[in-house]
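Chemist: There's a structure below that I have some questions on.
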Amino acid sequence: MSPQDQLNRLRREMDELNHEMLDLLSRRGALAVEIGKIKRLQGVERYDPVREREMLDFIASSNQGPFETSRLQHIFKEVFKASAELQGEDRDKTLLVSRKRQPEDTLVHVKDVTIGNGRPQLIAGPCAVESFEQVNAVAEKLALSGVKVMRGGAYKPRTSPYDFQGLGFEGLKLLKTAADRHDLRVITEIMTPGAVESALPYVDIIQVGARNMQNFDLLKEVGKTDKPVLLKRGLSATIEEFIYAAEYIMSSGNSQVILCERGIRTYERATRNTLDITAVPILKQETHLPVMVDVTHSTGRRDLLLPAAKAALAIGADGVMVEVHPNPAIALSDAQQQLDFDQFDQFVEGLTVQFPQLDLVKK
Ligand SMILES: O=C(O)C(=O)C[C@]1(C(=O)O)C=C[C@@H](O)C=C1
């Protein structure tokens, strides 16, 4: 048989399989419609993630190749999605974070401060808590500038184990003391489920960092508290994964969630990460949660903080996070990207000129 004849024969075989697959898919779709009717009668959700998990596990255990299991699972997930659509189910509607489920914006209340009410917040502070003098100096500066929420890392998830790991619980206390002295609310990162409870008296907003976005135990634990949670997007997380991580917190009982875009990892090296600016309006369309942008970690460059912050507010962010340090050159972490006090003044001035609605109350 000539190669051309061979090709034609294989293609005819392929056509037959396509035909069979189409038939199987159509029969599967008809079954899904029947299942949907029964579920409707029973008054249960059509979307059943546990059943889907079972079928995906079955695919993993039965796959003989040549396709990779993850590829096959992806294809089947599409089939499940299409089946649920046939059942008249919009899966997004079932998510607690979904705008389709709750059309009105969620307002996050941090004592007297509101996030998501149309007046963007500026959250600022040092990368890490280093000493009382350092955090107190920053707190004083922030209060004078009208900032209401101060950030500062006590537990630091550092890339290298040899880098400064933060002052831990002691740092938390220093941060809280300095913030109280200047009437500021506190946001800080908590890294493990076990550290959540002891941190509660010292924090007003719990931050879940990018590296922990899919630490599901931590998400569930912060979801059990009544403190607002700022959830940062993972370094390589898709928007869908980010939304599901927020769903973990909400489904554990906490609806006070703020999403924070902080740049994602791409091939581009001109900035530390690539600020996915369109994630902001996408997240605002898909969810009802406030969305903030961390300009420090997304750019990693002092000269880009102001333009990035302007872009964030212009595209609809509910606030901006930026790092400030009394003397960035000697900072124990992120020395390259924190603003000193004069630079912070310029930053605030530059931003308020264009966005006078920024929620700053100068003391
Ligand atoms: O088995 C069910 O309960 C179905 O509704 C069918 C089906 C499927 O296509 O296999 C569809 C949607 C559900 O999320 C799970 C499974």
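Each value in this text was obtained by applying a stated rule to the coordinates, not by laboratory testing. The model shown is predicted, which means the values in this text are computed figures rather than measured ones. Heads up, the Cβs are rebuilt from the backbone with ideal geometry, glycines too, and the neighbour counts pull from every protein chain shown.
Chemist: Find how many whole Å separate the alpha carbon centroid of region 172-250 from the alpha carbon centroid of region 36-63.
Modeler: Using only Cα atoms to place each centre, the spacing works out to 32 Å.
Chemist: For residue 224, give me every one of the lysines with a C-alpha distance below 25 angstrom, ignoring sequence neighbours fewer than eight places off in its own chain.
Modeler: Counting by Cα, and skipping residues close in sequence, residue 224 has these lysines nearby: 93, 100, 111, 156, 173, 176, 232, 284.
Chemist: So how do 106, 192 line up by other beta-carbon neighbours within 10 Å, fewest first?
Modeler: Working: 106 18, 192 12.
Sorted ascending by nearby Cβ count, the order is 192, 106.
Chemist: With unit charges on the beta carbon (Lys/Arg positive, Asp/Glu negative), name the residue among 74, 142, 113 whose Cα is farthest towards the positive pole of the charge dipole of the chain.
Modeler: Selected residue: 113.
Chemist: Residues with beta-carbon under 12 Å from that of residue 188, excluding residue 188: net charge, scoring Lys, Arg +1 and Asp, Glu -1?
Modeler: That works out to +4.
Chemist: Could you give the length gained by full extension between residue 4 and residue 158, i.e. 0.36 nm per residue of separation minus their alpha carbon distance, to one decimal place?
Modeler: 49.6 nm
Chemist: Along the positive direction of the dipole of the chain (beta-carbon charges: Lys, Arg +1; Asp, Glu -1; about the Cα centre), which of 214, 49, 22 reaches farthest?
Modeler: Among 214, 49, 22, the one farthest towards the positive end of the dipole of the chain is 49.
Chemist: Shifting gears a bit: What is the local net charge at residue 258, summed over the other residues whose Cβ is closer than 13 Å to its Cβ (Lys, Arg +1; Asp, Glu -1)?
Modeler: +2
Chemist: Something else about it: At most 14 other Cβ atoms within 10 Å and a DSSP loop assignment: could you name the chymotrypsin sites (Phe, Trp or Tyr not before Pro) in region 48-137 that fit?
Modeler: 67
Chemist: For region 45-193, what class follows from the C-alpha gyration tensor (a ≥ b ≥ c being the square roots of its eigenvalues): rounded when a/c is under 1.5, otherwise prolate if a/b is larger than b/c, else oblate? Before the final figure, lay out the partial values.
Modeler: Working: a/c = 4.23, a/b = 1.90, b/c = 2.23.
Taking the square roots of the gyration eigenvalues as a ≥ b ≥ c, region 45-193 is oblate.
Chemist: Still on this model: When the Cα centres of region 295-363 and region 107-144 are compared, how far apart do they sit, in Å?
Modeler: For region 295-363 versus region 107-144, the Cα centre distance is 12 Å.
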